[in-house]
Amino acid sequence: MDHQHLQGRWQAELLAPGEDSPVAATLQLGPHPELAESVRGTVQREGAEALVSGDVDAGELTLEESTNGTNISATWIGRVVDGSCGKEIRGTWNNAHPTPSAPSADFVLRKQPAWQ
């Protein structure tokens, strides 16, 4: 899997420790205009939007999230699930400033089909 496979729409479920139900998010990723082998886009979650950018290397996903467009507010670190044909990634969303109400959370990203 490479950066081109990351491009498109992804549905995410984030489940924080001790929570009963996951939080849904939608990521829209496209080519990064400045870094040839990276992606850039947005994540929408709970009525808010943040910027994301990152890449995938040897099946390892790294995305940096920014709520203000300047500082990193969270990171998404995950691994492509074997046998998913690059359509599912699991890992941990890490809040840059975790609090009891906003801790780190496990996530599942699933690639959404697109019209060709």
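Would you calculate the separation in nanometres between label points at Glu19 and Asp57, each defined as 7 Å from the Cα along the Cα-to-beta-carbon direction?
Inter-label distance under the simple model: 2.9 nm.
For the stretch 11-116, what does the alpha-carbon gyration tensor say about shape, rounded, prolate or oblate, given a ≥ b ≥ c as the root eigenvalues, a/c under 1.5 as rounded, and a/b over b/c as prolate?
Oblate is the answer for the stretch 11-116, as a/c is 1.5 or above yet b/c matches or exceeds a/b.
For Gln112, what residues show an amide H to amide H distance below 5 Å, using hydrogens built from the backbone and excluding near sequence neighbours?
Placed amide hydrogens put Arg9, Trp10, Gln11 under 5 Å from Gln112.
Per-residue HN-Hα couplings for the stretch 57-69, Karplus 6.51 cos²θ - 1.76 cosθ + 1.60 at θ = phi - 60°, whole Hz, x for Gly and Pro?
Each residue of the stretch 57-69 in turn: 9, 6, x, 9, 8, 9, 10, 10, 10, 9, 7, 10, x Hz.
With charges set only on the Cβ (+1 for Lys and Arg, -1 for Asp and Glu), what does the dipole of the chain come to about its Cα centre, in debye to the nearest 20?
Result for the chain is approximately 260 debye, rounded to the nearest 20.
Between Gln11 and Asp82, with labels modelled 7 Å along Cα→Cβ, what's the label distance in nm to one decimal, could you check?
2.6 nm
List Ser84, Ser66 from most exposed to least, where exposure is judged by having the fewest other Cβ atoms within 10 Å.
So the residues, fewest neighbours to most, are Ser84, Ser66.
I need Asp2, Asp106, Asp82, Asp20 ordered by Cβ neighbour count within 10 Å, fewest first. Walk me through the numbers before you get to the answer.
Numbers: Asp2 12, Asp106 15, Asp82 8, Asp20 5.
So the residues, fewest neighbours to most, are Asp20, Asp82, Asp2, Asp106.
Arrange Glu88, Glu49, Glu60 by Cβ neighbour counts within 10 Å, fewest through most, would you?
Placing the least packed residue first, the sequence is Glu49, Glu60, Glu88.
For Ser104, list long-range residues whose amide hydrogen, built 1.01 Å from N in the peptide plane, is under 5 Å from its own amide hydrogen.
The list, which skips near neighbours in sequence, is Asn95.
Which whole-Hz couplings ³J(HN,Hα) result when phi for each residue of the stretch 87-104 is put into the Karplus expression 6.51 cos²θ - 1.76 cosθ + 1.60, θ = phi - 60°, listed in order with x for Gly and Pro?
The phi angles translate into 9, 9, 10, 10, x, 10, 8, 10, 5, 5, 9, x, 9, x, 8, 9, x, 5 Hz.
For Ile72, which sequence-distant residues (separation of 5 or more, or a different chain) have an amide H within less than 5 Å of its own amide H, given hydrogens modelled in the peptide plane?
It is none; the list stays empty.
Quick one: what are the phi-derived ³J(HN,Hα) couplings along the stretch 31-38, Karplus 6.51/-1.76/1.60 with θ = phi - 60°, whole Hz, x for glycine and proline?
x, 7, x, 10, 10, 4, 10, 10
Read-outs throughout are calculated quantities, based only on the coordinates presented, and are distinct from any laboratory measurement. These numbers come from a predicted model, not from an experiment. Backbone-built Cβ (ideal geometry, glycine too); neighbour counts: all protein chains shown.
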